[in-house]
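Student: Before I ask anything, here is the structure I am working with.
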Protein chains: 2
Amino acid sequence: MSKPLFDRIALIGLGLIGTSIARAARANGVSREIAGTARSQKTRARVRELGIVDDILDTPAQAVKGADLVIVCVPVCASGAIAKEIGPHLDPGAIVTDAGSVKLSVMRDMEPHIPDGCFLVPGHPIAGTEQSGPDAGFAELFVNRWCILTPGAKASPEATAKLTSFWQALGSHVDVMDAEHHDLVLAITSHIPHLIAYNIVGTVADLESDTRSEVIKYSASGFRDFTRIAASDPAMWRDVFLANKDAVLEMLGRFSEDLSGLQRAIRRGDSETLVELFTRTRKIRRNVIEAGQETAEPDFGRMRATPSDQD
Amino acid sequence: MSKPLFDRIALIGLGLIGTSIARAARANGVSREIAGTARSQKTRARVRELGIVDDILDTPAQAVKGADLVIVCVPVCASGAIAKEIGPHLDPGAIVTDAGSVKLSVMRDMEPHIPDGCFLVPGHPIAGTEQSGPDAGFAELFVNRWCILTPGAKASPEATAKLTSFWQALGSHVDVMDAEHHDLVLAITSHIPHLIAYNIVGTVADLESDTRSEVIKYSASGFRDFTRIAASDPAMWRDVFLANKDAVLEMLGRFSEDLSGLQRAIRRGDSETLVELFTRTRKIRRNVIEAGQETAEPDFGRMRATPSDQD
């Protein structure tokens, strides 16, 4: 058996992402040992029960001791405080990364606390589900998904290369880009879709209860698709919108402009504009499927009928 | 074997919905015979090949002869012309219905052409996928889905009851309501979700090609969910927005107002408002699952990894 890539990985945060990394790292033999910590006693106890890491520690400072790779998996606005806490306890040569959906703010908040001789390579695995917590994680989460690394002033080419190998070992493809570009692309790919899903589900939540019940009953006509991403972890997403405010507001501006145009086309009965748009968008779906990022099965391959009859 | 509910069903339009009805009606033995017609020669030929109806006719007028149930499955703005064409050829006592997503306009356009002694009971099966055409149909499409009937001046209680039995035999639950209410509820359940999905996918289609490729690559972070409904049939959806203009614009107004509030909360860094909304929306997801209208599997139960490696 070849030597594992890392000797000891420390996971700070043991939710969906942290425990999926733990499971995947173990399944793929990328580390001799895996340590972990979580803020809540309940989460630590649950992960101990699940037996998916070798060592559960009470604090981030304890968890990073002896680790050559530290992965911070917490809501992005908490990463600065974590970096401050672990900075003095990092082993020389340790690589520090994270799994946050925003990269400029994470870089800005973490870099000042990374001591010389250690390396910071912020990262973002583009993977997840609408569920959260340690029971939601699974080892295959990262397979065939992209992971973006945004090395900055505290990175080194060797640290970036080693982290690239790590994510590839978990089944991911890796791209390297600058943090600002990441934040702009993810604003439109991820943050705006979540924002408008949260928004429309919120509009429905505000309807009077009779109408709301009907919308839920008839949700297979479109609405239910939006409820999935609008069920994502509230603390994580609050932080994303606050930390990537500028890019989100910029992309939201474009979305709203386009929506006004569409509204005008409907008001005027401009059927060519509608058909032209709806034909272009159909092509984008095909591109997503061709890029291997979506199933070609109709309706996401969802069960064609739910087993229980609630009528 | 008990006598089938109908003697001969005529399907006008043989796309996803028409052929799914044909398959489901045959599978459940609800009609002695099934006839069908489609505007395009190619579709008629394909359905003949598929062998899912007993009789393929060239025109709607021919198709409805001898039918005791006629189901019009065409884009909603075409239903008036179909009604005009078939009116003089309907058998006495025939029940006419449709499968359109808008009901007030269908009622207004079809009613004048239904002769005395025949019955019009507009209907809307809340079921479908993003695919279209005769090959996309399947017999289980309506199982555990709702079908809404909106009987008006040309209906009778007996016709509505018989059509209710028909949809129940196909596996659906049936609700009866007035057409105006239907159009308002479906505007928010279905039409606005489609509109904003079309809109965001359109925003992406307009990005310069480098950025567009990146959005497609990283689409598993949220965007890909929207591409599904934005891949729906263009002609069908053009008609929906034109035919249900007032309700769509009314609900779009609410959505946009709420979006402005959310934009303001992000700009101001109002984290309580964000967490409060994101927590409420999570509950709606649970309600949809409890209503039997969605799978509880994370990520729609989509394959966790796509088999092909496009890297």
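Student: Determine which single condition A:G171 fails, assuming it passes every other condition in (1) more than 16 Å from B:F278 (Cα to Cα); (2) surrounded by fewer than 22 Cβ atoms within 10 Å (Cβ to Cβ); (3) modelled with pLDDT under 95.
Tutor: With (1) more than 16 Å from B:F278 (Cα to Cα); (2) surrounded by fewer than 22 Cβ atoms within 10 Å (Cβ to Cβ); (3) modelled with pLDDT under 95 applied to A:G171, the lone miss is (3).
Student: Out of segment B:208-234, which residues are hydrophobic (A, V, I, L, M, F, W, C) and either under 12 Å from A:S190 (Cα atoms) or more than 7 Å from chain A (Cβ to nearest Cβ) (or both)?
Tutor: B:V215, B:I216, B:A220, B:F223, B:F226 - these are the residues of segment B:208-234 that are hydrophobic (A, V, I, L, M, F, W, C) and either under 12 Å from A:S190 (Cα atoms) or more than 7 Å from chain A (Cβ to nearest Cβ) (or both).
Student: Quick one: in segment A:133-147, of everything that is outside any loop (DSSP other than H, G, I, E, B) and either within 11 Å of the chain's Cα centre (by Cα) or among the aromatic types (F, W, Y) (or both), which residue is nearest to the other protein chains (Cβ to nearest Cβ)?
Tutor: This residue is A:W146.
Student: I've got another one for you. From the set of residues in segment B:170-181 that are outside any helix (DSSP H, G or I) and not charged (D, E, K, R), which is nearest to A:I266 (Cα to Cα)?
Tutor: The extreme case among them is B:M177.
Student: When segment B:119-158 is examined, which residues are found to be surrounded by fewer than 22 Cβ atoms within 10 Å (Cβ to Cβ), over 25 Å from B:L16 (Cβ atoms) and out of contact with any helix residue (DSSP H, G or I) (no Cβ under 6 Å at 6 or more places or on another chain)?
Tutor: Passing the criteria: B:A153, B:S156, B:P157, B:E158.
Student: Can you go through B:A161, B:A231, B:A153, B:A197 and tell me which one is among the small types (G, A, S), out of contact with any Pro (no Cβ under 8 Å at 6 or more places or on another chain), more than 25 Å from B:A38 (Cα to Cα) and outside the structural domain of B:M110 (by TED's automatic domain parsing)?
Tutor: B:A197
Student: Which of the numbered conditions does B:A127 fail, given that it passes all the others? Conditions: (1) within 20 Å of B:L242 (Cα to Cα); (2) of a type in the set (G, A, S); (3) touching a Ser or Thr at 6+ places or on another chain (Cβ under 8 Å).
Tutor: Result: B:A127 fails condition (1) only.
Student: Moving on to the next point. Go through (1) out of contact with any helix residue (DSSP H, G or I) (no Cβ under 8 Å at 6 or more places or on another chain); (2) among the aliphatic types (A, V, I, L, M); (3) more than 8 Å from every other protein chain (Cβ to nearest Cβ); (4) crowded, with 21+ Cβ neighbours inside 10 Å one by one and return the number of the condition B:A161 breaks.
Tutor: (4)
Student: Please go through segment B:230-247 and pick out each residue that is closer than 21 Å to B:K103 by Cα and not charged (D, E, K, R).
Tutor: Result: B:S232, B:P234, B:A235, B:M236, B:W237, B:V240, B:F241, B:L242, B:A243, B:N244, B:A247.
Student: Being surrounded by fewer than 22 Cβ atoms within 10 Å (Cβ to Cβ), under 22 Å from B:I284 (Cβ atoms) and of a type outside the set (D, E) is true for just one of A:S271, A:S213, A:S232, A:S256. Which residue is that?
Tutor: Being surrounded by fewer than 22 Cβ atoms within 10 Å (Cβ to Cβ), under 22 Å from B:I284 (Cβ atoms) and of a type outside the set (D, E) holds for just one of A:S271, A:S213, A:S232, A:S256, which is A:S213.
Student: Follow-up question, since we're still on this one. Select from segment B:16-33 the residues that are of a type outside the set (S, T, Y) and over 17 Å from B:E140 (Cβ atoms) and list them in ascending order.
Tutor: B:R32, B:E33
Student: Follow-up question, since we're still on this one. Can you name every residue in segment A:235-252 that is farther than 20 Å from B:P298 by Cβ and more than 7 Å from chain B (Cβ to nearest Cβ)?
Tutor: Across segment A:235-252, the qualifying residues are A:D239, A:A243, A:N244, A:D246, A:A247, A:E250, A:M251.
Student: Within the set of pairs 6+ apart or on separate chains, which have a first residue in segment A:278-299 that is more than 7 Å from chain B (Cβ to nearest Cβ), a second that is outside any helix (DSSP H, G or I), and C-beta atoms under 6 Å apart?
Tutor: Pairs found: A:I289/A:A296.
Student: Still on this structure, please answer the following. If a residue must be surrounded by fewer than 16 Cβ atoms within 10 Å (Cβ to Cβ), part of a helix (DSSP H, G or I) and free of Cβ contacts under 8 Å to residues at least 40 places away in the same chain, how many such residues does segment A:37-60 contain?
Tutor: 5
Student: Now a separate question. Test B:E130 against the criterion of being modelled with pLDDT of 95 or more and of a type in the set (D, E), and give yes or no.
Tutor: Answer is no for this residue.
The values are calculated or read from the model by the stated rules, or taken from the named source; none is laboratory data. All values derive from a computational prediction rather than experimental measurement. Ideal geometry is used to build each Cβ from the backbone, glycine not excepted, and the neighbour counts take in all protein chains shown.
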